[in-house]
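**Q** Let me begin by handing over the structure; questions about it come next.
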Amino acid sequence: MFGFDTIGLQIENSGGVFLPHQVVAGTPAKDFWLGYFGLDPKPANFSDFDGSPIPSYIQTLKDRSLIPSLSFGYTAGAAYRFHGIFGSLVLGGFDRSRYQPNNSTFAFDPNDSQRFTVGIQSVLGQNTLLNGTVALLKNGIFSSIDSTFPYIWLPTDDCERFAEAFGLTYDSSTDLYVVNDSIHTRLQQLQPTVTFNIGVDAVDNSSHTGIVLPYSAFDLQASYPLYSSNTRYFPIRRAANSSQYTIGRAFLQEAYIVADYERSTFAVGQAVFRNPMPVQDIVTIPSVEARPVVTPQDRGHRPSTGALVGIVISVVATILILVASGAFLWRRRHQTPKTANGHAARSWSHDSGPTDYFAQSFSSTKVANPGSQGMRSPPALYEADAGPDANVYEMPERTESIVHELPGSQIAKSHELPSDECAKAHGEASGHILT
């Protein structure tokens, strides 16, 4: 069922950003336990509604000059790191403090449902139940990155390689690989890691980026309606065919993705975790149209502090992808925004092309179009589309009044995102990330 509602990204009545008359959808099915917040800029179309097409949320934000471009930076956060690290979602830019620079960028896949497609060249396990370094992927594959569910869908043979290395047991009734208590204790002692080497090609070579995941990133629990009580499982799934090869949210706990819809490019880097976490380094991504971005003051809406560069939304990483945390980036007309320390916020030149643009945000650049390399057919499962000193802070490090927090609660570290962990094994939506 579809309808319209007012959607805000802050606590109600806090003065944060909200948009009226936005498309929302509801379903009585038990396949969805928490909501999804779509970031794809494409409009919604209804054949029997005169108002179609209806602009998307992110498109409306840009049309109203509330964000500089159709872009975002995102990482899911990690409840198992330190005392729990919040996720981060930046609209109109990205947070450079949250990832390690690398030398690769990617072109969007021509298939809209698989925009963020990368080549998984190899997957290596270290300190597993087997000795030495173990190859967990027999052959390289192309896989799309999708934040809407926690699983990593791989060929069945490769899932069995994981099962052998981590002592997993396949449960045919739920299609999950479960972990018993004794194996879990042993893995905690070994502290194994899994490295995904990704690149623009699926052939293993020296041109790749390694994303390292600790065992804790795979230590998840499933409950009702899959199991009557909490059951520990390892989030790999058997793909029916190559169209289902997908990297889900478990991967994005340790990875950061930057997507630029206007230039049809994205980049992926290793997420950064420090104690304490570094101060945010918010970088705006300018529009190819180079339209000015107005401040709340220009709209007759005065924030609680002076020169406002952004609004950050933060929630604990184990609640819901897409609503992890976010920042709306603002820019004064005819004025460079300053932070409390007097430093200018970072922004890239709108004249930069896709290659030049990411060359500034990452150490060097290599752009390729995976769609030109014989990409597979659309996936069988879909979801409905529905500078370093910026004066923006993320909780829990800072508590200045410019920060507006979404209500959230701490969740057991052994749980990742309960919405999808509780979804039926054969009813997973596997649309594209943040769409």
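The values are calculated or read from the model by the stated rules, or taken from the named source; none is laboratory data. The structure presented is a predicted model; accordingly, all values stated were derived computationally and were not measured. Neighbour counts are summed over all protein chains in view; Cβ atoms, including those assigned to glycine, are modelled from backbone coordinates with ideal geometry. Side chains are part of the model used for accessible areas, which takes the heavy atoms of the whole protein and leaves out ligands, DNA and RNA. Shrake-Rupley method; radii C 1.70, N 1.55, O 1.52, S 1.80 Å.
**Q** Counting residues that are open to solvent by 20 Å² or more (accessible area, probe 1.4 Å) and touching a Ser or Thr at 6+ places or on another chain (Cβ under 6 Å), which strands (runs of 3 or more DSSP E) fully inside region 183-275 reach at least 3?
**A** In region 183-275, 209-214 are the strands (runs of 3 or more DSSP E) which contain 3 or more residues that are open to solvent by 20 Å² or more (accessible area, probe 1.4 Å) and touching a Ser or Thr at 6+ places or on another chain (Cβ under 6 Å).
**Q** Ok, one more. Could you tell me whether region 114-129 includes any residue that is in contact with a Lys or Arg (Cβ under 8 Å, 6 or more places away or on another chain), in a loop (DSSP other than H, G, I, E, B) and open to solvent by 20 Å² or more (accessible area, probe 1.4 Å)? Spell out the reasoning first.
**A** Of all residues in region 114-129, those in contact with a Lys or Arg (Cβ under 8 Å, 6 or more places away or on another chain) come to 129.
Adding the requirement that they be in a loop (DSSP other than H, G, I, E, B) leaves 129.
Of the ones still in play, those that are also open to solvent by 20 Å² or more (accessible area, probe 1.4 Å) are 129.
Yes, the conditions are met somewhere in region 114-129.
**Q** Just the residues that are modelled with pLDDT of 90 or more and within 26 Å of Arg115 (Cβ to Cβ), please, taken from region 8-25.
**A** Across region 8-25, the qualifying residues are Leu19, Gln22, Val23, Val24, Ala25.
Condition check ((1) of a type outside the set (S, T, N, Q); (2) at pLDDT 95 or above) across all residues:
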| site | (1), (2) |
| --- | --- |
| Ser182 | no, yes |
| Ile198 | yes, yes |
| Asp219 | yes, yes |
| Tyr224 | yes, no |
| Arg238 | yes, yes |
| Phe251 | yes, yes |
| Glu254 | yes, yes |
| Asp260 | yes, yes |
| Gln270 | no, yes |
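**Q** I'm checking my understanding of the structure. Among residues of region 133-175 that are of a type in the set (Val, Ile, Thr) and over 21 Å from the mean Cα position of the chain (by Cα), which one is nearest to Val123 (Cα to Cα)?
**A** First pass over region 133-175, keeping only residues of a type in the set (Val, Ile, Thr): 133-134, 141, 145, 148, 152, 156, 169, 174.
When the remaining residues are screened for being over 21 Å from the mean Cα position of the chain (by Cα), the result is 133-134, 156, 169, 174.
Details: Thr133: 10, Val134: 8, Thr156: 14, Thr169: 20, Thr174: 25 Å.
Checked region 133-175; the qualifying residue nearest to Val123 (Cα to Cα) is Val134.
**Q** Here is a list of conditions, (1) modelled with pLDDT under 95; (2) farther than 26 Å from Ser71 by Cβ, and Ser207 meets all of them except one; can you say which number that is?
**A** (2)
**Q** Right, next: May I ask you to say which residue of Val179, Val200, Val258, Val212 is touching a Pro at 6+ places or on another chain (Cβ under 8 Å) and of a type in the set (Val, Ile, Thr)?
**A** Numbers: Val179 fails: touching a Pro at 6+ places or on another chain (Cβ under 8 Å); Val258 fails: touching a Pro at 6+ places or on another chain (Cβ under 8 Å); Val212 fails: touching a Pro at 6+ places or on another chain (Cβ under 8 Å).
None of the other options fit; the residue is Val200.
**Q** Hey, another quick one. Go through region 130-153 and give me each residue that's out of contact with any strand residue (DSSP E or B) (no Cβ under 6 Å at 6 or more places or on another chain) and crowded, with 20+ Cβ neighbours inside 10 Å. Talk me through it step by step, then tell me what you get.
**A** Going residue by residue through region 130-153, those that are out of contact with any strand residue (DSSP E or B) (no Cβ under 6 Å at 6 or more places or on another chain) are 130-132, 135, 138-139, 147-150.
Across region 130-153, the qualifying residues are Ser147, Thr148, Phe149, Pro150.
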